[in-house]
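Coordinate-derived values only; no laboratory data. Note that the structure is predicted; figures quoted are calculated from it, not measured. Cβ sites come from the backbone with ideal geometry, for glycine too, and all protein chains shown count toward neighbours.
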Amino acid sequence: MDLENIIIIGSGPAAHTAGIYAARAELKPLLFEGLNAGGIAAGGQLTTTTDVENYPGFPDGIAGPDLMKAMRDQSVKMGVNIKTATVDRIDFSVAPLRVYTGSEVYEGKTVIIATGATARRLNVSGEEQFWQKGVSACAVCDGPLPIFRDKTLYVVGGGDSACEEALFLTKYGSEVVLIHRRDKLRASAIMQRRVLAHPKIKILWNHTLNELRGEKLLERIVVKNTLTAALSEHEAGGLFYAVGHSPNTDFLAGALDLDEAGYIVIKNGVTGTSVPGVFAAGDVYDKKYRQAITAAGSGCMAYFEASDYLNEKG
């Protein structure tokens with residue numbers, strides 16, 4: 001069994017950036033891109049998006065899958081050893097560190113975890129049909145797209161994230177409607193004041209999303225009154241989920257310190273975790289920014305910290 005210098009788990013911007021840097025340093029990184037891990041193709045959440053307009057270097061934008069293919073191609077060109085297999089368990093209680101894909105075991109001096117997070121969905125009728133065709137889980141990523149301009153936009157949620165998304169979307173939509181299942185928001189007091197005072201934001205209290213309708217793009221939504229069970233249909237130029245994300249950390253099974261939501265807790269340095277030699281990058285620990293560019297940046301930082309660790313250990 002070969003002892004790897006750096007094992008990278010993940011397939012998004014964070015993972016490939018770490019891999020490219022490590023390969024250029026001739027550390028011969030091994031990257032596991034996953035085999036439909038978490039129900040998402042290798043490349044992560046960007047493979048489910050259409051136009052990406054806020055990633056530097058692409059003045060005309062680029063499709064999410066194309067961006068991830070370019071990153072993977074660059075990794076391969078630089079010499080990253082990519083395996084299409086899902087890491088289903090690990091053992092960080094031993095040295096060298098161990099990762100497992102089924103019956104196969106691999107050992108590494110360092111491990112970078114970049115498995116990302118998955119946007120929670122509501123699993124309502126029509127959701128799969130209109131995902132990224134009028135339905136999104138990231139207003140900052142998709143809100144400025146032309147299809148959402150000067151239309152009535154809906155946001156599902158009641159916390160700080162939902163309020164932030166609604167406020168952001170007022171720059172582009174003619175009206176923003178916040179759908180909340182209760183009669184009071186969960187957001188902080190200051191966020192509630194901003195939303196309630198904004199002239200372009202309305203709140204649909206005591207309602208839940210029931211169905212999505214349209215032809216090629218989302219055109220209408222059906223909501224359900226939680227008090228009366230009555231259904232009503234509304235024209236919708238866009239729908240944004242703000243009901244949280246789930247970090248892809250189940251496979252860690254208690255091996256690292258996680259916060260109450262399951263995100264990896266950073267302890268040593270910028271990307272270090274509770275286990276020496278194990279580093280985190282991207283949305284698997286970042287629950288605030290969740291952007292491709294910030295994930296890529298943290299992948300770079302994880303590489304440098306892993307490299308420093310290797311140098312310290314000789």
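Side notes on the structure shown:
- In the chain, the longest principal axis of the Cα atoms and the axis of helix 292-312 are about 20 degrees apart.
- The chain - percent relative contact order, Cα under 8 Å, separation 6 or more: 20 percent
- Centre separation in Å (Cα based) which lies between the range 249-267 and the range 38-95: 22 Å
- Put in line by how crowded their Cβ is, counting other Cβ atoms within 10 Å and starting with the fewest, Thr17, Thr49 read Thr49, Thr17.
- Rounded to the nearest 20 debye, dipole of the range 121-241 from Cβ charges on Lys, Arg, Asp, Glu: 340 debye
- Surrounding net charge for Asp60, when Lys and Arg each add one and Asp and Glu each subtract one, Cβ distance under 12 Å: -3
- Environment charge at Val243 (Cβ cut-off 9 Å; Lys +1, Arg +1, Asp -1, Glu -1): +2
- On Cα atoms only, tilt of 13-24 relative to the major axis of the chain in degrees: 20 degrees
- Descending by average beta-carbon neighbour count within 10 Å, the peptides 110-120, 246-256 line up as 110-120, 246-256, the highest first.
- Contour excess over end-to-end distance, with Cα ends at Asp259 and Asn311 and 0.36 nm allotted per residue: 15.8 nm
- Lysines with Cα under 17 Å of Lys216, excluding same-chain neighbours fewer than 8 positions away: Lys133, Lys151
- Cβ crowding within 10 Å, taken as a proxy for footprinting-reagent exposure, orders Tyr55, Tyr241, Tyr106 from fewest neighbours to most as Tyr55, Tyr106, Tyr241.
- Helix 160-169 and the long axis of the chain differ in direction by around 70°, with both axes built from C-alpha atoms.
- Annotation: cysteines of the chain without a disulfide-compatible partner (Cβ-Cβ under 4.7 angstrom) are Cys163, Cys300.
- Estimated vicinal HN-Hα couplings, Hz - the range 254-270 in sequence order (Karplus 6.51, -1.76, 1.60; Gly, Pro = x): x, 6, 10, 6, 10, 7, 5, 9, x, 7, 5, 8, 8, 10, 10, x, 7
- Pairs over the 18 Å Cα-Cα cut-off, from the set Lys28/Lys267; Lys184/Lys287; Lys109/Lys313; Lys28/Lys83; Lys28/Lys77: Lys28/Lys267; Lys184/Lys287.
- Contour minus Cα-Cα distance for Thr228 and Asp88 (0.36 nm per residue): 45.9 nm
- Selected from Pro144, Tyr21, Ser298, residue furthest toward positive end of dipole (the chain; charges at beta carbon): Pro144
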